[in-house]
Amino acid sequence: MGDAGVTGDSMLSMALHLRDQEMSLRDIAKRLVITTGTKKGQHPSPATVMRMLREHDEQAATAVST
């Protein structure tokens, strides 16, 4: 993952939970907080959230098809 320092398993878990509640990417990004690195305390961009969720979905699809 390109933003491995910014995103993590806990952030992904929360993003998936919020997506299940049909929140927009912007709203999801506003609720997430980066916990490590130089951007600690900031919110990820909607693009980062989209990329994180897309990569998760692609990995899940690959796991199902194998």
Exercise. Tally up the carbon and sulfur contribution to the accessible surface of the chain as a whole percent, 1.4 Å probe, everything protein left in place.
Key: 52
Self-check item: Point-charge dipole on Cβ atoms (K/R +1, D/E -1) for the chain, about Cα centre, debye to 20
Solution: 340
Practice problem: Could you work out the local net charge near Gln21, counting Lys and Arg as +1, Asp and Glu as -1, over the other residues with Cβ closer than 11 Å to its Cβ? | Solution: -1
Exercise. Match the structure shown to one of the listed values [x] 63, 32, 12; [y] 29, 23, 20; [z] 38, 25, 18 of Cα extents along the principal axes in Å, computed from it, and give that label.
Key: [z]
Exercise. Calculate, for the chain, the solvent-accessible area per residue in square angstrom, rolling a 1.4 angstrom probe over the heavy atoms of the protein chains.
Key: 70
Quiz item: Leu16 accessible area, nearest 10 Å², 1.4 Å probe?
Solution: 40
Quiz item: What nm value, rounded to one decimal, do you get for the distance between Gln59 and Ser24 when each label is placed 7 Å out toward the C-beta?
Solution: 2.8
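The values are calculated or read from the model by the stated rules, or taken from the named source; none is laboratory data. All figures in this text were calculated on a predicted structure; none of them were measured in a lab. No Cβ is skipped: glycine too gets one built from the backbone with ideal geometry, and neighbour counts run over all protein chains shown. Calculation scope for accessible area: heavy atoms of the full protein, side chains included, ligands and nucleic acids excluded. Shrake-Rupley method; radii C 1.70, N 1.55, O 1.52, S 1.80 Å.
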